[in-house]
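K.L.:
Sending over a structure as structure tokens; questions will come in a sec.
The values are calculated or read from the model by the stated rules, or taken from the named source; none is laboratory data. These numbers come from a predicted model, not from an experiment. We place every Cβ from the backbone using ideal geometry, glycine too, and count neighbours over all the protein chains shown. Side chains are part of the model used for accessible areas, which takes the heavy atoms of the whole protein and leaves out ligands, DNA and RNA. Shrake-Rupley method; radii C 1.70, N 1.55, O 1.52, S 1.80 Å.
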Amino acid sequence: MPTTPRLLSLLLILPLLPFSSGCSPDAKTADQHEDTPSLTVDKDAQAGLLTTFHATTQQLAAARPALSPDQEAARQLVLYHRGALALTAAEAHRGRDSTLLRWAAAFAQDQQQQLPEAEALAVRLKPGAADSAFGQRLRSTVAQLVKVEEATRVEAAGRQRQAPNLGMMQSHQDDGTGDTDADFATLLLLQQRAALETARAAEELGSAPELKAAAAGMQRRAQPFIRQLQFWQQRHRPRS
């Protein structure tokens with residue numbers, strides 16, 4: 001089942017990276033804060049993509065008023081890394097497209113390499129003066145992501161209500177459109193675009209040099225994979 005037009009349209013909420021569909025990208029996608037809980041995927045329970053996406057957005061939206069903008073940005077970068085790993089784990093467990101599975105595995109390996117450094121940075125950063133512009137930009141990015149996440153859950157709930165029988169409802173439980181590969185590409189793109197916006201804000205407005213360096217590295221390493229996902233979506237776009 002192809003991704004629905006409405007779910008695809010949600011991608012427009014966050015900015016696109018420049019992309020040309022004329023050729024296939026082949027880039028190498030292979031560079032803790034103490035109160036930030038880990039995201040896990042219970043394979044025995046077959047946790048769905050929307051569950052992992054929801055877990056990430058809920059943790060991102062959790063208020064941490066005691067943190068400076070630098071600390072909050074670092075906390076968010078940690079959660080984006082963990083959220084990406086949770087989505088790739090769900091795709092590895094339920095996905096079928098061999099190309100997407102290969103790209104997801106490479107991206108997961110890269111996220112695993114970056115995560116310990118991001119966690120250590122979140123712990124090392126010291127409290128600093130609040131920067132309203134920086135903090136507002138972080139909150140705005142998360143608010144947009146939460147809005148998208150809520151829309152996907154409403155759409156999925158409506159689809160389940162329309163299921164003609166209980167068996168179909170159970171098979172599509174927490175599974176977006178029913179196409180795991182297409183939903184994975186859509187949700188990971190949404191999450192990573194938000195992550196890149198947070199990283200841009202940290203690089204531009206952050207005060208800690210190590211945070212700015214980590215944010216720049218995250219952008220550089222994530223962008224090739226995002227272009228791969230965009231290319232995959234171009235090739236698998238539903239025909240009208």
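K.L.:
With the condition kept exactly as written, say whether any residue in region 80-91 is at pLDDT below 95, more than 15 Å from Pro224 (Cβ to Cβ), surrounded by 19 or more Cβ atoms within 10 Å (Cβ to Cβ) and out of contact with any helix residue (DSSP H, G or I) (no Cβ under 8 Å at 6 or more places or on another chain).
P.N.:
no
K.L.:
Now for a separate question. Filter region 56-79 for residues that are hydroxyl-bearing (Ser, Thr, Tyr) and closer than 17 Å to Glu149 by Cβ and give the result.
P.N.:
Thr56, Thr57, listed by residue number.
K.L.:
Does Ala45 satisfy the condition of being more than 26 Å from Arg137 (Cα to Cα), aliphatic (A, V, I, L, M), open to solvent by 10 Å² or more (accessible area, probe 1.4 Å) and at pLDDT below 95?
P.N.:
Yes.
K.L.:
Name the pairs: first residue in region 189-217 and basic (Lys, Arg), second residue modelled with pLDDT under 95, Cβ to Cβ under 6 Å, at least 6 apart or on different chains?
P.N.:
Partner pairs satisfying both residue conditions: Arg193/Leu14; Lys212/Gly206.
K.L.:
Please indicate, with yes or no, whether at least one residue in region 213-233 is of a type in the set (D, E, K, R), part of a helix (DSSP H, G or I) and within 19 Å of Asp183 (Cα to Cα).
P.N.:
yes
K.L.:
Give me the residue from region 101-138 that is touching a helix residue (DSSP H, G or I) at 6+ places or on another chain (Cβ under 9 Å) and of a type in the set (D, E, K, R) and, out of that set, surrounded by the fewest Cβ atoms within 10 Å (Cβ to Cβ).
P.N.:
Restricting to residues being touching a helix residue (DSSP H, G or I) at 6+ places or on another chain (Cβ under 9 Å) and of a type in the set (D, E, K, R), the top hit is Lys126.
K.L.:
Looking at region 190-214, which of the residues that are charged (D, E, K, R) and within 24 Å of Leu50 (Cβ to Cβ) is surrounded by the most Cβ atoms within 10 Å (Cβ to Cβ)?
P.N.:
Arg193
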